[in-house]
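Read the structure below first, then the notes.
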Amino acid sequence: MLAWKPPGGGATHALIVVVEDPPAGDRVLAFLRDAGWWASPVRVTGGLRAEAGGAGPIRFTAGHRVDFVGVADLGQDRAIATPGRCCSCAIEPRGEIILETTPPE
């Protein structure tokens, strides 16, 4: 393992592990699964996408976010009141929102 990030404060029970190459990733996956964790490789994806199909619906998709450094919400706590920083990337699976209009009656 090159690095790991423990679960964050957002009520998550997950962690991310950065490895050197695919064989190292396979060993880490096996270790975590043997310890009873659900483990999967991360698949990086692009950011927000909007698709418009002519007169059809408009579809927005975005990947879920994995934070390498996740303190973006520090300013939300009045006791801390400090601007935060976040270093993250979008990963699969992608979520989607579809906007459709209905014709006037």
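Please list, ordered by chain and number, the residues whose modelled amide H lies under 5 Å from the amide H of Ala14; skip anything fewer than 5 residues away on the same chain.
Hits under the 5 Å cutoff: Gly8.
Given segment 21-105 reduced to its alpha-carbon atoms as identical point scatterers, what log10 I(q)/I(0) does the Debye formula return at q = 0.20, 0.21, 0.22, 0.23 Å⁻¹?
-0.99, -1.01, -1.04, -1.07
Return the sequence-ordered ³J(HN,Hα) values of segment 90-105 in whole Hz as given by the Karplus equation 6.51 cos²θ - 1.76 cosθ + 1.60 applied to θ = phi - 60°, using x for Gly and Pro.
8, 10, 6, x, 8, x, 9, 10, 10, 9, 10, 9, 10, x, x, 8
Starting from the amide H of Cys89, placed 1.01 Å from N in the peptide plane, find each other amide H under 5 Å away whose residue is 5 or more places distant or on another chain.
Counting only residues 5 or more places away or on other chains, the set is Val66, Phe68.
Rule-based calculations on the coordinates, nothing more; no lab input. The structure presented is a predicted model; accordingly, all values stated were derived computationally and were not measured.
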